[in-house]
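The values are calculated or read from the model by the stated rules, or taken from the named source; none is laboratory data. Model, not experiment: these values are computed from the prediction. FYI the Cβ positions are ideal-geometry reconstructions off the backbone, even for glycines, and counts take in every protein chain you see. Note: accessible area is taken over every heavy atom of the protein model, side chains too, but ligands, DNA and RNA are not part of it. Shrake-Rupley method; radii C 1.70, N 1.55, O 1.52, S 1.80 Å.
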Amino acid sequence: MKTYLKTLLRVFKKHFTRLLSIIFMVVISVGFIAGIGSAVDKINYSLTDYYRAQNVSDFIIKSKKDGGFSQSEIDEVKARYGENNVNVGMSLDAEIEIDGETQLVRLYFFDGEQTVNRQTEREVKEDVEADIKICAEEGDNKIKGVPLGTQIELNFKDILTQLADGGTPPVLTAIPDKMLTKTVTVTKTVLSPLTFGVDGEPSYKNGEDVEIPDNINAVNELITVDNILYLPFDIVPTVFSQKLLPKGDLYVALDNRNVFNAFGKEYKSYLDGEQSALTEMLGGDENVRALTLYDNYSFNALVSYGAKVRGICIVLMIAFLLVTALVVLSTMTRLIEEERAQVACLSTLGYPSWRIIFKYALFAMIGCGIGGVGAYFVEMGVATLLYVVFNYSFTMPPMTPRITLWFYLAVFFGIVLVTLISTVLAGHKLTADKPANLLRPKAPKAGKKVFLERIPFIWNLLSFKYKSTTRNVLRYMSRFLMTVIAVAFSTALVLAGLALLDLCLFHGINSPSVMAVAVVVVVFAGLLTAVVIYTLTNINISERNREIATLMVLGYHDREVAGYIYREVYIDTAVGILFGYPLSALLIWAVFGVMGMGTLGGVSWFVWLIAPFVVLAFTAFVTLLLRRKIIKIDMNESLKAIE
């Protein structure tokens with residue numbers, strides 16, 4: 001056991017840079033994927049917490065009858081859902097003069113205390129002398145807001161005339177305007193849980209059956225209100241009959257909302273059942289219209305955008321996992337191959353195959369474990385960043401304290417499983433061989449003509465150093481393909497991020513959340529490219545110490561020796577970039593498809609030119625980091641006889 005532990009410690013010491021490569025691959029891949037996925041979970045859980053805390057209405061029942069809801073109907077609904085879960089009111093949109101400007105204003109009238117859709121106070125001005133104090137919705141990108149202390153004159157004859165669309169109702173003609181006018185003063189600004197989107201609230205003037213858009217930019221195509229006012233029903237002049245201004249809205253909150261999360265499958269199923277029951281209770285579709293949270297612009301837009309971000313995450317997750325699995329597989333396969341002599345010695349000493357393999361599996365698992373810890377903190381940072389960015393499109397509720405681990409654990413254990421399988425397969429292949437064979441140096445790959453040598457007019461144009469580089473690139477085809485595939489996927493990820501960024505900056509998609517995702521994708525794809533190139537190049541250098549030392553003995557300068565390796569790296573990278581273009585087109589098409597916006601043909605031409613420079617920039621950075629390792633190779637140690 002003592003000998004076994006010593007050999008284990010030597011593996012960590014000898015292959016420390018490869019351990020770091022595994023750690024960084026896990027940190028980048030798991031941290032990025034889980035960060036975006038967890039951000040959506042944070043949004044959904046926070047929305048659920050907010051929905052419960054503010055007692056948000058699941059239904060807004062709008063009466064189609066002239067007289068609104070009768071008291072018996074109201075009592076029947078309250079008996080079913082509870083007194084505190086039903087509010088009675090009326091809402092309408094009308095043109096009203098505020099501070100000398102005619103505005104389209106939503107007026108909410110409520111009967112009694114608001115126990116449903118509890119508002120959040122923003123600003124309060126209590127020292128205002130006024131007969132009637134009211135609340136106004138806080139301003140945002142579209143809602144202008146009303147300064148505290150502003151007095152507003154409400155002429156109910158004018159308001160009802162606008163609603164009637166056929167002149168002043170005859171019953172009001174003989175009533176003096178003075179009796180139909182009330183002056184109210186705004187002393188408080190609030191945020192309603194039904195209007196937390198900052199890009200406007202669609203007006204009723206769009207029509208009752210308007211389809212609420214799930215694209216934030218689509219609200220620009222609708223008529224939106226300029227302001228929203230909240231008023232008590234008792235300010236309505238008593239001369240009005242119930243027929244002229246009826247209590248035609250019921251705000252209903254379901255009473256067992258703690259059983260499920262908002263907008264989950266169970267919620268949707270329960271909502272559909274209650275919607276049918278409510279409609280039937282109140283006289284059917286010809287008498288009422290039951291609106292749900294899915295008909296609310298703010299809720300619908302936030303949930304829809306969260307789903308789009310998750311869709312982007314799932315598409316990109318496949319690419320990230322493939323690259324990570326490929327590089328980890330290459331790292332562990334080559335590491336075990338370099339340990340041929342150690343495997344032979346342990347086998348000769350009587351260690352069973354599973355214990356030998358376990359040593360390398362433990363090496364990989366420790367790398368994944370350390371990377372997993374780092375990835376968790378990266379995941380929290382990315383999720384928090386995206387949640388904060390969503391505040392540019394929505395007045396987000398407080399972020400939930402609930403820990404969201406599902407995405408993190410799923411991705412992390414996926415990486416661990418791939419790493420473990422690749423390590424066991426590579427180890428099993430080696431331990432199945434005889435110790436005598438393992439103790440012998442592995443025969444070098446036989447030299448043979450590459451296909452370019454059979455094309456004289458091209459081959460003869462190449463100088464000696466480029467002929468040598470071409471032979472090395474094409475001689476080790478598995479190494480070449482590994483690098484090309486990894487770089488191709490990295491290029492595709494960079495291009496997908498840039499295409500998303502282009503969509504926001506140059507194609508009118510005003511979505512800070514999508515822009516933030518795009519920036520995160522580009523940054524992490526670039527980092528992934530750097531780690532991929534670093535890992536594969538580092539392995540390449542380690543495998544060719546004798547070859548590099550031979551060049552040094554022959555008198556090659558440091559710059560020439562480094563160039564010998566770098567030329568291969570840049571050729572592999574360039575080929576990977578070329579193959580990355582069709583992969584990029586497929587990835588961008590998939591991302592735009594799950595988003596429901598953007599087209600492959602609409603991506604700006606310069607995006608396709610920028611991506612290769614991003615990949616090459618990270619490649620150049622890596623080659624600079626590895627230059628010292630190349631020129632510091634110990635010639636004496638490297639050229640000693642392996643036997």
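Taking the options 65, 78, name whichever one is at pLDDT below 90 and more than 23 Å from residue 398 (Cβ to Cβ). Write out each step before concluding.
Numbers: 78 fails: at pLDDT below 90.
None of the others qualify; the one that does is 65.
Which of the residues spanning the stretch 476-493 are farther than 15 Å from residue 535 by Cα and surrounded by 16 or more Cβ atoms within 10 Å (Cβ to Cβ)?
476, 488, 489, 491, 492, 493
Show the residue pairs meeting these rules: Cβ distance below 6 Å; 6+ apart or different chains; first residue within the stretch 232-245 and part of a loop (DSSP other than H, G, I, E, B); second residue surrounded by 13 or more Cβ atoms within 10 Å (Cβ to Cβ) and of a type in the set (Phe, Trp, Tyr).
Close Cβ pairs satisfying both conditions: 237/156.
Select from the stretch 435-456 the residues that are at pLDDT 75 or above and under 16 Å from residue 339 (Cβ atoms) and write down the one among them that is surrounded by the fewest Cβ atoms within 10 Å (Cβ to Cβ).
Going through the qualifying residues, I end up with 437.
Identify, please: which residue in the stretch 118-131 is part of a loop (DSSP other than H, G, I, E, B) and either within 37 Å of the chain's Cα centre (by Cα) or modelled with pLDDT of 90 or more (or both) and is, among those, surrounded by the fewest Cβ atoms within 10 Å (Cβ to Cβ)?
Just the residues of the stretch 118-131 that are part of a loop (DSSP other than H, G, I, E, B), to begin with: 118-119, 125-131.
Pick out the ones that are also either within 37 Å of the chain's Cα centre (by Cα) or modelled with pLDDT of 90 or more (or both) and you get 118-119.
On the way: 118: 14, 119: 19.
Checked the stretch 118-131; the qualifying residue surrounded by the fewest Cβ atoms within 10 Å (Cβ to Cβ) is 118.
Of the numbered conditions (1) open to solvent by 20 Å² or more (accessible area, probe 1.4 Å); (2) on the phi < 0 side of the Ramachandran plot, residue 555 satisfies every one except a single condition; which is it?
The one condition residue 555 does not meet is (2).
Can you tell me which of (1) open to solvent by 50 Å² or more (accessible area, probe 1.4 Å); (2) within 13 Å of residue 43 (Cβ to Cβ); (3) not small (Gly, Ala, Ser) is the one residue 396 doesn't meet?
If we test residue 396 against (1) open to solvent by 50 Å² or more (accessible area, probe 1.4 Å); (2) within 13 Å of residue 43 (Cβ to Cβ); (3) not small (Gly, Ala, Ser), just (1) comes out false.
Taking the stretch 575-595 as the region of interest, how many residues are open to solvent by 40 Å² or more (accessible area, probe 1.4 Å) and either touching a Leu at 6+ places or on another chain (Cβ under 7 Å) or closer than 17 Å to residue 534 by Cβ (or both)?
Residues of the stretch 575-595 open to solvent by 40 Å² or more (accessible area, probe 1.4 Å): 578-579, 581-583, 586, 589, 593-594.
From what is left, the residues that are either touching a Leu at 6+ places or on another chain (Cβ under 7 Å) or closer than 17 Å to residue 534 by Cβ (or both) are 589.
Summing the residues that are open to solvent by 40 Å² or more (accessible area, probe 1.4 Å) and either touching a Leu at 6+ places or on another chain (Cβ under 7 Å) or closer than 17 Å to residue 534 by Cβ (or both) in the stretch 575-595 gives 1.
Counting only residues that are out of contact with any strand residue (DSSP E or B) (no Cβ under 6 Å at 6 or more places or on another chain) and without any contact (Cβ under 8 Å) to a residue 12 or more places away in the chain, which one in the stretch 54-82 is least open to solvent (accessible area, probe 1.4 Å)?
70
Among (1) open to solvent by 20 Å² or more (accessible area, probe 1.4 Å); (2) among the aliphatic types (A, V, I, L, M); (3) at pLDDT 85 or above; (4) over 30 Å from residue 393 (Cβ atoms), where does residue 291 come up short?
(4)
Determine if the stretch 509-516 includes at least one residue that is surrounded by fewer than 18 Cβ atoms within 10 Å (Cβ to Cβ), touching a residue at least 24 places away in the same chain (Cβ under 8 Å) and polar (S, T, N, Q). It would help to see each step written out before you state the result.
Taking the stretch 509-516 as the starting set, the residues that turn out to be surrounded by fewer than 18 Cβ atoms within 10 Å (Cβ to Cβ) are 510, 512.
Remaining after also requiring touching a residue at least 24 places away in the same chain (Cβ under 8 Å): 510, 512.
From what's left, polar (S, T, N, Q): 510.
Looking for residues that are surrounded by fewer than 18 Cβ atoms within 10 Å (Cβ to Cβ), touching a residue at least 24 places away in the same chain (Cβ under 8 Å) and polar (S, T, N, Q), one finds at least one in the stretch 509-516, hence yes.
If you go through the stretch 143-162 one residue at a time, how many are part of a strand (DSSP E or B) and of a type in the set (Gly, Ala, Ser)?
Result for the stretch 143-162: 0.
Looking at this structure, is residue 406 over 30 Å from residue 51 (Cα atoms) and of a type in the set (Phe, Trp, Tyr)? Steps first, please.
Details: over 30 Å from residue 51 (Cα atoms): no; of a type in the set (Phe, Trp, Tyr): yes.
Judged against the criteria, residue 406 is not a match.
Might you check whether a residue that is more than 15 Å from residue 26 (Cβ to Cβ), assigned to a helix (DSSP H, G or I), open to solvent by less than 60 Å² (accessible area, probe 1.4 Å) and touching a residue at least 12 places away in the same chain (Cβ under 8 Å) occurs anywhere in the stretch 363-379? Full working, then the answer.
Step one: filter the stretch 363-379 for residues more than 15 Å from residue 26 (Cβ to Cβ), giving none.
Among the residues of the stretch 363-379, not one is more than 15 Å from residue 26 (Cβ to Cβ), assigned to a helix (DSSP H, G or I), open to solvent by less than 60 Å² (accessible area, probe 1.4 Å) and touching a residue at least 12 places away in the same chain (Cβ under 8 Å), which makes the answer no.
If the requirement is being surrounded by 24 or more Cβ atoms within 10 Å (Cβ to Cβ) and either in a helix (DSSP H, G or I) or of a type in the set (Gly, Ala, Ser) (or both), which of these qualifies: 502, 572? So that I can check it myself, show each step before the final result.
Numbers: 502 fails: surrounded by 24 or more Cβ atoms within 10 Å (Cβ to Cβ).
One residue alone meets the criteria, 572.
For the stretch 296-306, state whether one or more residues are at pLDDT 85 or above, open to solvent by less than 40 Å² (accessible area, probe 1.4 Å) and hydrophobic (A, V, I, L, M, F, W, C). Reasoning before the result, please.
First pass over the stretch 296-306, keeping only residues at pLDDT 85 or above: none.
Among the residues of the stretch 296-306, not one is at pLDDT 85 or above, open to solvent by less than 40 Å² (accessible area, probe 1.4 Å) and hydrophobic (A, V, I, L, M, F, W, C), which makes the answer no.
Name the residue that is farthest from residue 152 (Cα to Cα), counting only residues in the stretch 96-114 that are surrounded by 15 or more Cβ atoms within 10 Å (Cβ to Cβ) and in contact with a Phe, Trp or Tyr (Cβ under 9 Å, 6 or more places away or on another chain). Before the answer, list the steps.
From the stretch 96-114, those surrounded by 15 or more Cβ atoms within 10 Å (Cβ to Cβ) are 96, 98, 103-111, 114; that's our starting set.
With the extra rule that they be in contact with a Phe, Trp or Tyr (Cβ under 9 Å, 6 or more places away or on another chain), the set shrinks to 106-111, 114.
Working: 106: 14, 107: 12, 108: 15, 109: 15, 110: 18, 111: 21, 114: 22 Å.
Filtering first and then ranking leaves 114.
Identify, by number, the condition in (1) touching a residue at least 24 places away in the same chain (Cβ under 8 Å); (2) in contact with a strand residue (DSSP E or B) (Cβ under 7 Å, 6 or more places away or on another chain); (3) surrounded by 15 or more Cβ atoms within 10 Å (Cβ to Cβ) that residue 19 doesn't meet.
(2)
Only one of these is basic (Lys, Arg) and surrounded by fewer than 21 Cβ atoms within 10 Å (Cβ to Cβ): 42, 13. Name it. So that I can check it myself, show each step before the final result.
Details: 42 fails: surrounded by fewer than 21 Cβ atoms within 10 Å (Cβ to Cβ).
Going through 42, 13 in turn, the sole match is 13.
Among the residues of the stretch 134-163, what is the count of those that are open to solvent by 50 Å² or more (accessible area, probe 1.4 Å), within 17 Å of residue 96 (Cβ to Cβ) and modelled with pLDDT under 90?
Taking the stretch 134-163 as the starting set, the residues that turn out to be open to solvent by 50 Å² or more (accessible area, probe 1.4 Å) are 138, 141-142, 144, 147, 151, 153, 158, 163.
The next check asks that each one be within 17 Å of residue 96 (Cβ to Cβ); those that pass are 142, 144, 147, 151, 153, 158, 163.
The next check asks that each one be modelled with pLDDT under 90; those that pass are 142, 158, 163.
The qualifying residues number 3.
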